[in-house]
Structure formats: C-alpha cells, structure tokens
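For reference, the structure discussed in these notes is given below.
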Amino acid sequence: MSENGNAQRAATIAVLVENEAGVLARVIGLFSGRGYNIDSLTVAPVDETGRISRITVVTSGTEMVIEQIKAQLDRLVPVHKVSDLTLEGPHLTRELALIKVVGKGENRVEALRLADAFRARVVDATTGSFVFEMTGAAEKIDAFCALMRPIGLAEVSRTGAVAIARGPRGLI
Amino acid sequence: MSAATKPASTADALTMSGAEVVLRALKDNGVEVIFGYPGGAVLPIYDAIFQQNAIRHILVRHEQAAVHAAEGYARSTGKVGCVLVTSGPGATNAVTGLVDALMDSIPIVCLTGQVPTHLIGNDAFQEADTTGITRPATKHNYLVKKSADLARVVHEAFYVAKSGRPGPVVVDLPKDILINKAPYTEPPSTEHRSYRPQTEPDAEQIRKAVRLLKAAKRPIVYAGGGVINAGPEASRLLTEFVRMTGFPCTNTLMGLGAFPADDRQFLGMLGMHGTYEANLAMHGCDVMLNIGARFDDRVTGRLNAFSPDSKKIHADIDPSSINKNVPVDVAIVGDAGRVLAALIECWKKEEAPQDKHVLTAWWRQIDEWRAKDCLRYRQEGRIIKPQHAVKRLYEITKELGRETFITTEVGQHQMWAAQYFGFQQPNHWMTSGGLGTMGYGLPSAMGVQIAHPDALVIDIAGEASILMNIQEMGTLAQYRLPVKVFILNNEYMGMVRQWQELLHGGRYSESYSAALPDFVKLAESFHAKGIRVTEADDLDAGIREMIAHPGPVIADIAVAKDENCFPMIPSGAAHNEMILGEEQEGGVKGVTDEGKVLV
C-alpha cells in the first residue's frame, strides 16, 4: 500500500445495475450501513429496454475505503459493473440545476446578465421571477448560486453529478 | 436440464398453485428437509406440504431456531439449508438467524410468507416490510409480485445462496401468489445475468504467491471457514499443501477441522483466545498465507501491530474481504479449493528450492513457544474445571470412535470447546463465529442430527446460552433426535463475567445466572434424560451415561464458577501482548483505555 494511506480522495463511480425493485435501497443501504460518504447520487435507466440503470455516485475516502466501496458494490447480486471513473482516466462530469430567482427592477437585469455569462437559460419567467436552467460542473453551479443569493435566489433543484469516460470506450 | 425458462410443459403450466410451484422448485433444487413454523400467510405452502412426501418438514418451536437448524444442516452436509416461516413476526424472528448465516457465510434459503399483494403497505395483520428489514441481513432477497416470476426467483435464490461466498437468501411470498395458479419452469441452465463470482484464481497471482512462499524464512498458513465452505476436498488439499511445504498451520474459529488438530504442524486456533504459539507465529512470520479467512478483529488484535514484518498473501472468494482490514501484498480471488490446487501444482513446478534449514530454525522457535503449554490447567480437588470437562468429553468420544459433531452456544464454553476439542475433519464443528449468537447451539445440533441420524451430536453449552432457545427441547422430543446438551454450568454469563473481572473492576453487573431451572427436571419435562454432575470423580461416568443414552439428554455439569478463558489477547492489544493464565505466569495484566471501547 502507498505511504500516504490516510490521504482522502474523491471518486466518481459508475454502477450498472439490474433495474429491479429495491436496487437503489441496496446501494444506499450499503453506504449508510458501512459508514461511507455519499456526496451525490443519481440514477436512471439507460438501455433501450429499461432493464439496466446507471447509478453515478460521488464519494470520498482513503484509497483503501474507496477500493472497499467498489468491491462491496460489485458483490451486490443485481450489480453488473462497477467503474471508478476518477481512477480510470479522463472523464466528464455534469450536473443539471434549476434555479429560481425572485426580484424586481435592477436585480432582474443583473440576474439575466449573470445568467448570460454562465450560459444559464431562462426556462420560466413571470414579472417577479425567473427559473434558470444550467448544466456544468458542480463548482460552476455553486458559483452561480452564490452570485444569485444577494440578488434574490429563492430555490434550487439539482440533479447531482452524472459522469462518463472520455474517448471511444463504453462501459457496457 | 431443459432450455432456460420455458414452462415444463404447456399442459401442466397452469395446473399448479403457487405453493405447489414453490415445493416443486425446492425439490428440483435438491431440498429434502425444510425447517419451519406455520402461520396465516404460509398456510397454502403447508397445505401443499401435507399433500406430498418428497420434502420432510421439521416443526421448530421458534423461527430463529429454524434458521439455526438449517445452518447446522447446511454446515454439516455442504447443502443449502431451507427455512419456511410466516409473515410479520415469523420473518422478524428469523432475522437473528439470517444475520448469523450472513456473518458466517452459510447457504440458506428462507421462504417467508407475506400478506397478499393488494394489502402490502396497508399495515395489514402480521405485515412487516420483510425485504426492507432483511436487506442488510441477507446476501440477497426477493419479493415475488408476479406469479410468472415465482419459479425463476426460487431457483435463483438457491443459485445465489450457494455461489461465490455463500449466504442467506430470503424469498418473500405474498399469499395470493401462493394461492393463484403459476407456471413452473425448470432451473435455468444459462448464466445469471449479473451475479457470476470468480472461482478460478489468476495464474500470475498464484505464481507470485508461490515465489514468496518458497523464499519464506518464517512462513505460516492461516486458514479459515472459506476452506470448509469450499467442500471437504479443499480441506484435503490444505492438508496436502501444508505437509508438502512443511509450514506451520493455524485455523480460525470457523476453520477448525480444515486441518487435522492432531497433526504436529497444527498450531491450534489463533486469535483472541488462540494459542500462544499460533499468535506469536502470526506476529513473527515473514510470509503469511491466508486462505478463506477475513482478518477479523478477533483474529488480528490491534491492527497497527498485526504481524508487522510479514508479506501477506490473501486468497478469498469475496474480493471485498481482501484489503478490507489488512493491506496485503498478493491478492488471490477464487474458491479456496481451486486456489489450493493451483498452489500445489505451481509449488511442484517452481524451480526455486526451499531452504529447509531456515524452516528448521523457525520450527525450533515455534516449539519454544509451544513449550509454554498455554492451554495447561490444573484439575485438582472435587470441583470440575470447565477445560477438563471439554477435554474428557473429547477423549471419551475419541475412544468410542463414533462419528461426532460438536455445536456450541456462545461464550467461554465455546472458546474452551474450540481449544480442547480436537477437530480432525471439516464439517463436524458448528459454532456462531461472526455474529456470536447465544442460543445457536441447540437448534444447530437439531439440524445436524436430522442430516446425520446415526451420528453423535453434542451441543457444548453454557447455562445462560442454552436458555435462549431451550424451547427446542420440544423439537428434539417430537422427532426423537438424540442430541446431547452438555452444559458447562458456572452460574454466570462467563465471558461477560470474565470481562467485568478484567476490565470493570470485578463489578459483576447483571452477569449472574440467578434463578436457574433444575436442568434435570427441565429435561424430563421435555421427555429427555437429565443428568447432573457436581464432582470431578463422577465426570467420566456422567459423560458416558450421556453418550450411551439413546435419546436426547441434558447433562448439567457444575464447573468452577470463576474460571477464566486463557490465553487471551486483551482488547486493543497485539498478538505478542497476549496474556496467559495463572498456570503460565500468575496474574493478569490490565487493559488499556483504548482497549476498553472495543468489543
């Protein structure tokens, strides 16, 4: 094992599972039961028949803990494949957010200006509010929300990270 | 076997009820015995059981005991144990047994009744969220919501229970699914869609392991329950490998019997109550080969002081067991039997010679440790030492030469059984290792006796543990199971008392077994024989009388009340900091504050 065995790292792990009842509870229960962190978790069916779902989980821990997490996930009966995207090379991570900003006058103008700079789209507008849609890395959404807070940030809904490896190689 | 999942024939496809489909599936998976307890939700299955003869049902007195009985059956035969309980309390009562089987990797299929599908979630009578409750208590579980899935799910449950690292599987069966007609499909011949554990070891890892082992100056083989689970052939291969290499071998609590106890190369059990020589050899070795054990905290002691100077090779069928507690140098994923076969083959092929001289020096060191005679005790006077009771039980059964199976409850008596009863072959020792379930031994012995009607089956018990499933004496009587319950009665929850003595200033909080029953009368009330022995001179006669009796017996052996179980690695200590009994060094050292928080 490495010398710095106690160093923490983040890991983005993709898990392909049978899309059956209780499978998400198994994954979440594994994390809570064994005391692992979940920084974010997303899930949706990804194949044409809807039988396979992809879970993207962002977690952190020492190298030994992350290896454990992967091994524990892999031995769940409905799990097809576990892939540590962080370890396996370059990958893309994106998150989608819907952000509601409430305000009048100059604040509305400022909100639109910032949205433009962040490439957030207006998906709903009233005379007193906007809903922005944006995708990007979690840090970008954090930064946008932080700027909107003094202007009138009212509500945020985020998906959590989805991720995929760069290049031609597929996971299935 | 026919192709995958087509109905057996279209004619009988929908002539069977769900309950009949379940029984047919059990039969096709080789089930001969099922341990269970009826109730409203499973009445359709009981009705189907009534109308057939292929599967024998054993009526227990509590659902926890049904699972332990199935565990005893499974561990003594290598087959999957099968359990049938009703919904709600039937299922929740089974949970302790399920976790026990999970921790000790015992293949169990547990069928639970459930309220009909349209009532699920309505807080119906005897409804419990069984799949929710048992999710962390099982290797996998299923709720059957469609009749079309029923046969496939039962087949899959057996596959999952016995494949890879074995474990318990729950199949939750709503009552309407059992009553409605359902199609029967044969067990599938195709691979499981997602669960395909690796059993063949990687050849390169085997080569790396053999190179390390050949060059070892102070090697040790540390083998666990995985060797037992891999079948008797794996134990034979372990013995062959150890004799071939000349290495010392130690077994975990779960692994006892994998290597013959009377072999000179056997160092005894290791761990918290393991032998001095086994633990010091683990501490001082330079190459460790772990096969089918999991570096459990009872084995390692303080992790940062565990075997500090060794290269470690770990072979396990469960990749999550590797590098979990202890980082290892060579990881081998595979079935213990396959791994051992590959190691033997590679050892023979590998050119590098083995340095027999350094091995001789290592054995000299081990023999010095052995000379401490760490299990020595002094039996004198009228009071029976518990160690002596187990030792005499072992010697007398050995002399009689009958096939003997030992189960235990949990506590001091369990450790004394592990230390003083010599196990020569696998599958003859059943104990609750991982979960440490008091009340395991009696129902487990029932299951063993069902599988081996002519064998001598003895539950080595404590007077506290035995009361946790004492109702199973009724099951023994009903099925005329001649199980012998051998109680080491010290009137204390002995291990609790021992820890209170060593760690809590001798304040024996709630650990005295007050108001004990008269075990002789208790046995008699359950149509069994009762024997009580209080004098050392009567011990042998008592043991012989117990064994000679053709029916079930409770032998209540009054033993020394304040005897402690030694040697012992105190909580938070390292292998080389183990404490011996008074016979070896007189007096016991204290436990550190960090040690006190550990269990």
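The values are calculated or read from the model by the stated rules, or taken from the named source; none is laboratory data. Since we're looking at a predicted model, the values are computed, not measured. Ideal geometry is used to build each Cβ from the backbone, glycine not excepted, and the neighbour counts take in all protein chains shown. Side chains are part of the model used for accessible areas, which takes the heavy atoms of the whole protein and leaves out ligands, DNA and RNA. Shrake-Rupley method; radii C 1.70, N 1.55, O 1.52, S 1.80 Å.
The alpha carbon centroids of region B:335-406 and region B:529-550 are separated by 29 Å.
For A:HIS91, the accessible area of its heavy atoms, probed at 1.4 Å with every protein chain present, is near 50 square angstrom. Considering only protein heavy atoms and a probe of 1.4 Å, how much of the accessible area of region B:197-273 is carbon and sulfur, as a whole percent? Taking all protein chains in place, region B:197-273 shows 53 percent carbon and sulfur surface. Listed here are the pairs A:LYS81/B:LYS349; A:LYS70/B:LYS175; B:LYS217/B:LYS348; B:LYS79/B:LYS214; which of them are more than 27 Å apart at the Cα? Cα-Cα > 27 Å for A:LYS81/B:LYS349; A:LYS70/B:LYS175; B:LYS79/B:LYS214; rest within.
Model label points for B:GLN379 and B:ARG211, set 7 angstrom from Cα along the Cα-to-Cβ axis, are 5.2 nm apart. Note on B:LYS521: aspartates and glutamates with a C-alpha under 12 Å away, same-chain residues under 8 apart excluded, are B:ASP556. Each residue of region A:1-135 gets 174 Å³ once the volume of the Cα convex hull is shared out per residue.
Let's test the formula: R0 of 35 Å, r as the Cβ-Cβ distance of A:ARG9 and B:ASN304. What FRET efficiency results, to the nearest 0.05? Step by step, r from the Cβ atoms, then E = 0.95. With the largest listed first and rounded to whole Å, the semi-axes of the equivalent ellipsoid of chain B from the Cα gyration tensor are 40, 32, 21. Interface of B with A. Using a 1.4 Å probe and counting protein heavy atoms only, the two chains hide about 1600 Å² of accessible surface, both sides summed. Computed with a 1.4 Å probe over protein heavy atoms only, the accessible area of B:TRP347 comes to about 20 Å².
For the residue pairs B:LYS208/B:LYS312; B:LYS162/B:LYS312; B:LYS139/B:LYS312; B:LYS139/B:LYS324, the alpha carbons lie more than 22 Å apart in B:LYS162/B:LYS312; B:LYS139/B:LYS312. For B:LEU59 and A:THR135, the FRET efficiency from 1/(1 + (r/R0)^6), where r spans their Cβ atoms and R0 equals 56 Å, is about 0.35. Axis of helix A:106-118 versus longest Cα principal axis of chain A: the two differ by about 40°, to the nearest ten degrees. Once the Cα atoms are used to define both axes, helix B:150-162 deviates from the longest principal axis of chain B by about 10 degrees. Think of a 1.4 Å ball rolled over the protein heavy atoms: the protein assembly as shown then has 41 Å² of accessible area per residue.
Which values of log₁₀ I(q)/I(0), to two decimal places, follow from the Debye formula for region B:35-79 at q = 0.18, 0.21, 0.27 Å⁻¹ with a uniform point scatterer at every Cα? Debye output, listed in q order: -0.61, -0.78, -1.01.
Ranked by solvent-accessible area (1.4 Å probe, protein heavy atoms only, all chains present), the residues B:ASP537, A:ASP74 order from largest to smallest as B:ASP537, A:ASP74.
Lysines within cross-link reach of B:LYS391: Cα-Cα under 22 Å, excluding same-chain residues under 8 positions apart? Of all the lysines, those that pass the test against B:LYS391 - Cα under 22 Å, at least 8 places apart if same chain - are B:LYS372, B:LYS484, B:LYS561. Note on A:SER60/A:ARG169: beta-carbon distance plugged into 1/(1 + (r/R0)^6) with R0 of 22 Å gives a FRET efficiency of 0.30. In chain B, the longest principal axis of the Cα atoms and the axis of helix B:336-349 are about 50 degrees apart.
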